[in-house]
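Some notes on the structure that comes next.
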Amino acid sequence: MLEEFGRIVVAAVIAWILFLSIDIFWRLPQTGGVSGADAIGKAIAGRGGDQHGGWMMGNIVCSPDASAGTLLAACGVFVAGIPGGFAAAILVYIGNRICHDKGYAGTSGALIATFVVAGFMQVGFLASDFIAGMVLAILTIQGLSHTHASRLIGYIWRWRA
Amino acid sequence: MEGLIAAAICLIIALYGAIRTVLERNTLLRLPFVNVMNFGIAGLIVFILPHPLTLVAAAAYFVGSTLEANAIASAYARRKPK
């Protein structure tokens, strides 16, 4: 039982690094992609958060990005193995197109996450660990403190830009 | 029994997101908490019914709720100031 907790925490750290690096690679914090994401970013900045971090959090809310790709890829590997991960990537791409997004971050996130989850399954992890891990990872970004999370993303973004 | 703790974590985080959504006063700042809830529910759907087609249900739920959040945020951003 404790072993599963440990695996979930490790999976959360891996999923956190994975989706944040893919999102920042595709320049999600640069600007609010749609008017809603822009407004959420400005609302977070108005509470004392970082503007770029706020835009990235708005983009995560308004379109399936690499975090959604990681979650659905882990779900796909859980129910149907590696082909399920590819199916999840297709579904995320369709979802991105519905939400007027180009779909690079979500689709590439789902494809990379499929291989990461399948690789860690070879060393004793379960796909279910990555589902719970991704939910924990999104909790730390979107659910605890918008101000602190946006400042952290802004710090990483300035380091990349 | 494997996966039971993972399902419980998804459920608890989804409930936490729902509670934070109700407590937050600013409509735009509620949406990230709704996003947390959506992640938890999408994971939970797959745990409750582990079948290949469940993936389509989880993706449909997640994309639909994201589209709704997108619509709420853009409509709220474009509303006329009173």
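Values quoted throughout were computed directly from the atomic coordinates according to the rules given, and no laboratory measurement underlies them. All figures in this text were calculated on a predicted structure; none of them were measured in a lab. Note that we place each Cβ from the backbone using ideal geometry, even for glycine, and neighbour counts take in every protein chain shown.
For the protein assembly as shown, the orientation-averaged shadow of the C-alpha convex hull comes to 12.0 nm² (one quarter of the hull surface). Computed over region A:2-160, relative contact order equals 31 percent, with contacts defined as Cα pairs under 8 Å that lie 6+ residues apart. The label point for A:L2 and the one for B:I48, both projected 7 Å from the Cα toward the Cβ, are 3.3 nm apart. For region A:85-100, backbone phi angles converted through the Karplus equation (6.51, -1.76, 1.60; θ = phi - 60°) give residue-by-residue couplings of x, 5, 4, 4, 4, 5, 5, 5, 4, 4, x, 4, 5, 4, 8, 6 Hz, Gly and Pro being listed as x.
When the alpha carbon coordinates of region A:1-46 are projected onto the principal axes, the ranges are 45, 22, 14 Å, largest first. How far is helix A:104-121 tilted, in degrees, relative to the longest principal axis of the Cα atoms in chain A, given as a value from 0 to 90 rounded to the nearest 10? Roughly 30 degrees, rounded to the nearest 10. Computed across region B:4-78, the Kirkwood hydrodynamic radius from all distinct Cα-Cα pairs reaches 13.0 Å.
Helix A:51-62 axis versus longest C-alpha principal axis of chain A: approximately 50°, rounded to the nearest ten. For chain B, a Gaussian network of Cα nodes joined below 10 Å ranks B:A42, B:A60, B:A18 by mean-square fluctuation, and the top entry is B:A60.
The order of A:Y93, A:Y155, B:Y16, going from fewest to most other C-beta atoms within 10 Å of their C-beta, is A:Y155, B:Y16, A:Y93.
Listing A:D38, A:D65 from fewest to most neighbouring C-beta atoms within 10 Å gives A:D38, A:D65.
Largest mean-square fluctuation among A:A89, A:A37, A:A68, in a Gaussian network model of chain A whose springs join Cα atoms under 10 Å apart, belongs to A:A37.
Find, among the trypsin sites (Lys or Arg not before Pro) in region B:1-76, those assigned to loop by DSSP (not H, G, I, E, B) with at most 15 other beta-carbon atoms within 10 angstrom. Loop-located and lightly packed - B:R25. Considering only A:R27, A:R97, A:R47, the mean-square fluctuation computed in a Gaussian network model of chain A, springs between alpha carbons under 10 angstrom, is largest for A:R47. Here region A:1-29 is scanned for amide nitrogen atoms under 11 Å from the site 7 Å beyond the Cα of A:A118 along Cα-to-Cβ, giving none. Relative contact order of region B:4-78, taken over Cα pairs closer than 8 Å and 6 or more residues apart, is 30 percent. Per-residue Cβ neighbour counts within 10 Å put A:M134, B:M37 in the sequence B:M37, A:M134, beginning with the fewest.
Between the Cα long axis of helix B:4-23 and the first principal axis of chain B there is an angle of about 10°, rounded to the nearest 10. So what's the gap between the Cα centers of region A:1-71 and region A:87-161, to the nearest angstrom? Going from one Cα centre to the other spans 7 Å.
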